[in-house]
Amino acid sequence: MIIEALTSFTYRWPGGEVHLKPGKPIDLPEDRALRLLDKAAGKARLVTPTIAVGSQITWQRAGKAQQGVVDYLHTDADGTMWAFATTGETWAAVNMKYVTQRSDA
């Protein structure tokens, strides 16, 4: 889940911490994000993703721009967001940090 701070603060839990700043959204595992939103009410907000199934995305791979239409979105256990996208006759698993452009299809 993507969380954005309304004011700067550090969120700590056993085994980790994260520094939040306004204008710098971060992606957290769902359990951590929900707990943060509960504990820090009024200091952070949930950011609704602007990408969904059916969105067209562009990303960089090996210095070359590639495009595809999102078929499935997944966030793994460490909070990394992935888009599985159809690219013509094939598909690609795209780490969302490499997406450079998003639009509705």
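Cross-link partners for residue 39 among the lysines, with Cα-Cα distance under 24 Å and sequence neighbours closer than 8 places in the same chain left out: 21, 24.
Classify the stretch 2-47 as rounded, prolate or oblate from the Cα gyration tensor: take a ≥ b ≥ c as the square roots of its eigenvalues, call it rounded if a/c is under 1.5, otherwise prolate when a/b beats b/c and oblate if not. Kindly include the intermediate steps, with their values, before the conclusion.
Working: a/c = 1.41, a/b = 1.28, b/c = 1.10.
Rounded is the answer for the stretch 2-47, as its axis ratio a/c remains below 1.5.
Think of it as helices only: each DSSP H run of n ≥ 4 in the chain is worth -39500 (n - 2.57), and spread over all residues that comes to -3000 deg cm²/dmol at 222 nm.
Once both labels are positioned 7 Å from their Cα atoms along Cα-to-Cβ, the gap between residue 13 and residue 50 label points is 2.7 nm.
Provide the gained length on full extension for the span residue 24 to residue 93, in nm with one decimal, where the gain is 0.36 nm per separating residue minus the Cα-Cα distance. Could you put the intermediate results ahead of the total?
Numbers: separation 69, 0.36 × 69 = 24.84 nm, distance 2.46 nm.
Answer, rounded to one decimal: 22.4 nm.
Normalised by the number of residues in the stretch 28-105, the mean separation of alpha-carbon contacts (under 8 Å, six or more apart) gives a relative contact order of 30 percent. Could you tell me how many degrees, from 0 to 90 and to the nearest 10, lie between the Cα long axis of helix 30-39 and the main elongation axis, the longest principal axis, of the Cα atoms of the chain? Value to nearest ten degrees: 30. Note: relative contact order over the stretch 2-47, using C-alpha pairs below 8 Å and six or more positions apart, is 49 percent. Working from label points 7 Å from Cα in the Cα-to-Cβ sense, the residue 43 to residue 71 distance is 4.2 nm.
Taken together, the values in this text are just the output of simple stated rules run on the coordinates, not laboratory data. Keep in mind it's a predicted model, so treat the numbers as computed, not measured. Cβ atoms come from the backbone with ideal geometry, glycine included; neighbour counts cover every protein chain shown.
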